[in-house]
Amino acid sequence: MTDRQLPAGLHPDTLAVRTAVDRSQYGENSEALYLTSGYVQPTAQASARRFAGEEDGYTYGRTGNPTVTSFEQRLAAMEGTEAAMATASGMAAVMLMCFSLLRAGDHVIYSQSMFGSTMKLIGSEFARFGVESTSVSQTDVDAWRAAVRPTTKLLFAETPTNPLTEVCDIAALADIAHKAGALLCVDNCFATPALQRPVTLGADIVMHSGTKFLDGQGRVMAGALCAPEAMVRDKFLPVQKNAGMVLSPFNAWVVLKGLETLNIRLKAQSAAALDIARWLEQHPAVSRVFYPGLPSHPQYALAMRQMSGVGGAVLSFDVKAADAAQARARAFHVLDSLQVLSLCTNLGDTKTLLAHPASTSHGKLSEAQRQAAGIGQGLIRLAVGLEHLDDMKADLLRGLDTLNSIQ
Ligand SMILES: *Cc1c(COP(=O)(O)O)cnc(C)c1O
């Protein structure tokens with residue numbers, strides 16, 4: 001199937017709703033879900049040409065599927081890249097990128113505030129195969145520059161980060177990467193193309209966990225790499241064909257439909273997050289709020305420039321306490337007092353989700369490592385959904401206003 005013919009110059013909002021492969025002969029308005037693992041070949045000759053790569057056409061589910069292609073084309077259009085490759089999860093996207101671009105002896109620089117599994121995959125798993133890496137401060141541009149080696153092939157950052165919403169300067173990192181002859185990949189999971197398009201700032205690859213805001217309703221796992229056409233065709237596709245970390249057509253269809261509402265969801269959820277961040281900053285039981293949309297955020301100006309003037313839909317806050325034990329008890333009290341919002345390890349859902357990083361995503365670190373990372377026992381992450389603001393605040397107050405009861 002070929003690209004649906006759309007006029008040039010359409011806006012991202014339109015592309016998010018309209019980009020897909022051609023309609024089938026039935027004229028469906030909502031994109032079809034093609035649940036098939038194989039494809040009937042018109043002739044043996046055509047089949048041979050397709051397997052030889054001399055002719056377009058689907059052959060087998062591990063090498064392509066029209067519903068998956070629609071998702072890839074739509075996400076690429078929204079990110080402003082030539083192409084994209086879908087994967088089974090966000091981590092499968094990181095895996096595919098490293099597998100496709102790196103070999104033993106190559107060096108990767110990544111932010112020490114990245115998603116935990118990303119750091120483990122690069123820093124531990126790929127190290128077993130001779131890939132070297134250095135982790136540096138998310139916000140210290142000089143540290144990134146100083147870490148460059150002659151063998152550096154990839155710089156990898158995520159912005160804003162989880163859970164402290166640290167923002168890095170994409171354009172500055174792209175400059176460092178390109179001067180070193182390396183590539184910059186940005187994990188755009190938190191901001192999404194609705195707020196931030198890393199390739200317009202010089203990034204070469206955009207990585208996504210489709211599990212988060214792209215799906216937007218917490219239903220399926222998905223991932224993707226958005227990149228130049230030649231990189232997708234010559235680097236990612238040959239590995240994906242053999243490694244098989246493919247996105248299922250059903251999950252692709254769910255995320256494809258999620259992309260249609262991404263812009264309005266993210267803007268509405270971000271507006272609510274800003275309101276809650278300001279409100280929490282005033283609450284006497286809260287010592288600090290981490291949110292790129294607040295002037296108190298250390299990279300506020302950069303974040304506003306880079307993220308369309310919007311802070312995103314995820315924030316974290318510290319509950320005031322005398323020591324770590326009290327902080328943990330207080331954070332648990334706030335979480336256990338919820339009656340509406342969910343205690344749930346995910347984000348980017350229409351339902352507001354709260355998590356306690358120190359005992360979940362960062363639970364395996366030592367207390368000293370957690371302190372160094374700024375992830376205290378009183379820290380709560382809040383991924384703001386679409387409930388009414390008054391109901392969200394009332395639910396948070398159930399715990400925040402009764403902390404004295406647990407002393
Ligand atoms: C969730 C997440 C990932 C991993 O994605 P999965 O779909 O869970 O594999 C990577 N990066 C960030 C920032 C995430 O939040």
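The values are calculated or read from the model by the stated rules, or taken from the named source; none is laboratory data. From a predicted model like this one, the values you see are computed outputs, not experimental measurements. Using ideal geometry, Cβ is built from the backbone for each residue, glycine included, and neighbour counts are taken over all protein chains shown. These accessible areas exclude ligands, DNA and RNA; they are computed on the full protein's heavy atoms, side chains included. Shrake-Rupley method; radii C 1.70, N 1.55, O 1.52, S 1.80 Å.
The table below gives the values:
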{"read-out": "³J(HN,Hα), Karplus 6.51/-1.76/1.60, whole Hz, each residue of region 242-257, x for Gly, Pro", "value": "8, 7, x, 8, 7, 7, 6, x, 5, 5, 4, 5, 4, 6, 4, 6"}
{"read-out": "Rounded to whole Å, sorted largest first: equivalent-ellipsoid semi-axes of region 1-156, Cα gyration tensor", "value": "38, 21, 13"}
{"read-out": "Expected-Rg normalisation [2.2 N^0.38 Å, Cα atoms] applied to region 222-265", "value": "1.38"}
{"read-out": "Region 263-405: relative contact order as a whole-number percent, Cα under 8 Å and 6+ apart", "value": "27 percent"}
{"read-out": "Within the accessible area of the chain (1.4 Å probe), percent carbon and sulfur", "value": "53 percent"}
{"read-out": "Region 245-269 versus region 100-169: alpha-carbon centroid distance in Å", "value": "27 Å"}
{"read-out": "Local net charge near residue 107, Cβ-Cβ under 13 Å (Lys/Arg +1, Asp/Glu -1)", "value": "+1"}
{"read-out": "Gyration tensor (alpha-carbon) shape descriptor, region 327-376, a/c threshold 1.5", "value": "oblate"}
{"read-out": "Cut-off 10 Å between beta-carbons: net charge of the residues surrounding residue 66, Lys and Arg +1, Asp and Glu -1", "value": "-2"}
{"read-out": "Exposed GluC sites (Glu not before Pro) absent: longest stretch of the chain, with sites in DSSP loops and at most 11 other Cβ within 10 Å deemed exposed", "value": "55-407"}
{"read-out": "Pairwise label distance in nanometres, residue 149 with residue 17, each label 7 Å out on the Cα-Cβ vector", "value": "5.1 nm"}
{"read-out": "GNM result for the chain, Cα springs below 10 Å: residue of 181, 216, 348 fluctuating most strongly", "value": "181"}
{"read-out": "Charge sum, other residues only, whose C-beta stays under 14 Å from residue 285's C-beta, Lys/Arg counted +1 and Asp/Glu -1", "value": "+2"}
{"read-out": "J(HN,Hα) series, region 179-187, from Karplus relation 6.51 cos²θ - 1.76 cosθ + 1.60, nearest Hz, glycine and proline x", "value": "5, 8, x, 10, 9, 10, 10, 10, 7"}
{"read-out": "Fraction of alpha-carbon pairs over 38 Å apart in the chain - percent", "value": "22 percent"}
{"read-out": "Relative contact order (percent, whole number), region 12-259, Cα cutoff 8 Å, 6+ residue spacing", "value": "25 percent"}
